[in-house]
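The structure follows.
Readers should treat all values here as calculations from the given coordinates under stated rules, not as data from a laboratory. Please read these numbers as outputs of a predicted model, since none were measured by experiment. Ideal geometry is used to build each Cβ from the backbone, glycine not excepted, and the neighbour counts take in all protein chains shown.
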Amino acid sequence: MFTPPDEAKRWRQRYRRLLKKAETECPPDESQRKGKRGRLKRSKARNLLERLRDFEHDVLRFMEVESVPFTNNQGENDLRMTKVQQKISGCS
């Protein structure tokens, strides 16, 4: 499903507005930082938000490249039977 450039631009702007709204609803928790080293533990929602923001081009690639499907369901379905067989045989 190829999206015309002007329509893709509108969808990208809407995507960014939604991410900004999500940023206000799920801000990073800096209150945990009290002399501890390393990365701060983040919630699953915060991790998802950061990945959607950081990989925006990859998330929205289906609008610009016709060969990219909207979902990855086919790829997951292709692997499912192999994983079930590994589980039955005791392999990891």
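Helix-only estimate, please: 222 nm mean residue ellipticity of the chain, summing -39500 (n - 2.57) across DSSP H runs of length 4 or more and dividing by its residues, to the nearest 500. Present the calculation step by step, with values, prior to reporting the outcome.
Values: 4 runs with 53 residues, N = 92.
Helix-only estimate at 222 nm: -18500 deg cm²/dmol.
Name the residue farthest towards the positive end of the dipole of segment 5-89 from the options Met63, Gln74, Leu18, assuming +1 on Cβ of Lys and Arg, -1 on Cβ of Asp and Glu, about the Cα centre.
Leu18
Further question on the same structure: Of (i) 14.0, 44; (ii) 18.9, 52; (iii) 16.0, 58, which one was derived for Rg and Dmax of the Cα atoms in Å from the structure shown?
The value matching this structure is (ii).
Here is a further query. If each residue's Cβ is checked for other Cβ atoms within 10 Å, how do Phe62, Phe55, Phe70 rank with the fewest at the top?
On the way: Phe62 16, Phe55 11, Phe70 8.
Lowest count first: Phe70, Phe55, Phe62.
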